[in-house]
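Participant: Take this structure first; my questions come after.
The values are calculated or read from the model by the stated rules, or taken from the named source; none is laboratory data. Because the structure is a prediction, the values reported are computed rather than measured. Every residue, glycine as well, gets a Cβ built from its backbone with ideal geometry; the counts of neighbours run over all protein chains shown. Ligands, DNA and RNA are stripped out before the accessible areas are found, and what is left, the full protein with its side chains, is counted by its heavy atoms. Shrake-Rupley method; radii C 1.70, N 1.55, O 1.52, S 1.80 Å.
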Amino acid sequence: VQLVESGGGLVQAGGSLRLSCAASGRAFSITDMAWYRQAPGKQRELVAVITSGGGSTNYADSVKGRFTISRDNARNAMYLQMDSLKPEDTAVYFCNAKYVSHLTTKYLEVWGQGTLVTVSS
């Protein structure tokens with residue numbers, strides 16, 4: 001399974017961006033998905049998580065009320081709508097997915113390569 005993020009870029013403070021994460025591969029079922037971010041010189045942190053059915057979401061306190069996580073299971077895709085962006089949201093954003101391989105029945109985890117979001121003041 002591979003994850004590919006897109007949608008990052010440069011935006012002014014107060015603006016919006018929508019990140020996308022697309023999963024591809026063979027014979028797998030994705031369970032929970034999440035967005036993480038890593039700012040320069042800082043550790044990677046969880047931004048938002050969404051369960052397999054999309055019925056439950058959770059957010060870091062720093063993004064609550066501004067970011068919205070969603071997913072489209074038919075497309076094996078996940079999204080992060082980011083509104084009211086702040087300079088402190090500047091980071092590389094990573095897509096993360098947990099999945100079950102139908103070939104091995106193993107429960108695995110995969111990361112995307114990351115997409116850079118830069119918020120200017």
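Participant: Quick one: in the range 8-40, which of the residues that are in a loop (DSSP other than H, G, I, E, B) and at pLDDT below 95 is nearest to residue 118 (Cα to Cα)?
Facilitator: 40
Participant: Restricting to the range 57-85, name every residue that is closer than 18 Å to residue 11 by Cα and among the acidic types (Asp, Glu).
Facilitator: Across the range 57-85, the qualifying residue is only 83.
Participant: Just need a number here: residues in the range 61-81 that are crowded, with 16+ Cβ neighbours inside 10 Å and touching a helix residue (DSSP H, G or I) at 6+ places or on another chain (Cβ under 8 Å).
Facilitator: Qualifying residue count for the region: 1.
Participant: Quick one: would you say residue 88 is farther than 19 Å from residue 14 by Cα and among the acidic types (Asp, Glu)?
Facilitator: no
Participant: Can you tell me which condition residue 84 does not meet? The list is (1) buried (at least 18 other Cβ atoms within 10 Å of the Cβ); (2) touching a Gly at 6+ places or on another chain (Cβ under 7 Å), and all the others hold.
Facilitator: Checking residue 84 against (1) buried (at least 18 other Cβ atoms within 10 Å of the Cβ); (2) touching a Gly at 6+ places or on another chain (Cβ under 7 Å), the one that fails is (1).
Participant: Something else now. Would you point out which residue out of 19, 3, 46 is without any contact (Cβ under 8 Å) to a residue 60 or more places away in the chain and either over 13 Å from residue 93 (Cβ atoms) or not small (Gly, Ala, Ser) (or both)?
Facilitator: Going through 19, 3, 46 in turn, just one is without any contact (Cβ under 8 Å) to a residue 60 or more places away in the chain and either over 13 Å from residue 93 (Cβ atoms) or not small (Gly, Ala, Ser) (or both): 46.
Participant: Looking at the range 2-35, which of its residues are open to solvent by 60 Å² or more (accessible area, probe 1.4 Å) and either touching a Phe, Trp or Tyr at 6+ places or on another chain (Cβ under 9 Å) or among the charged types (D, E, K, R) (or both)?
Facilitator: 18, 26 - these are the residues of the range 2-35 that are open to solvent by 60 Å² or more (accessible area, probe 1.4 Å) and either touching a Phe, Trp or Tyr at 6+ places or on another chain (Cβ under 9 Å) or among the charged types (D, E, K, R) (or both).
Participant: Now a separate question. Residue 100 passes all but one of (1) over 23 Å from residue 121 (Cα atoms); (2) of a type outside the set (D, E, K, R); (3) part of a loop (DSSP other than H, G, I, E, B); which number fails?
Facilitator: So the condition that residue 100 fails would be (3).
Participant: Looking at the range 47-59, is at least one residue within 13 Å of residue 19 (Cα to Cα) and either over 11 Å from the mean Cα position of the chain (by Cα) or part of a strand (DSSP E or B) (or both)?
Facilitator: Looking through the range 47-59, at least one residue is within 13 Å of residue 19 (Cα to Cα) and either over 11 Å from the mean Cα position of the chain (by Cα) or part of a strand (DSSP E or B) (or both).
Participant: Need pairs with beta-carbon distance below 8 Å; first residue acidic (Asp, Glu) and within the range 80-107, second open to solvent by 20 Å² or more (accessible area, probe 1.4 Å); sequence gap 6+ or separate chains.
Facilitator: 83/16; 83/66; 83/68; 88/39; 88/62
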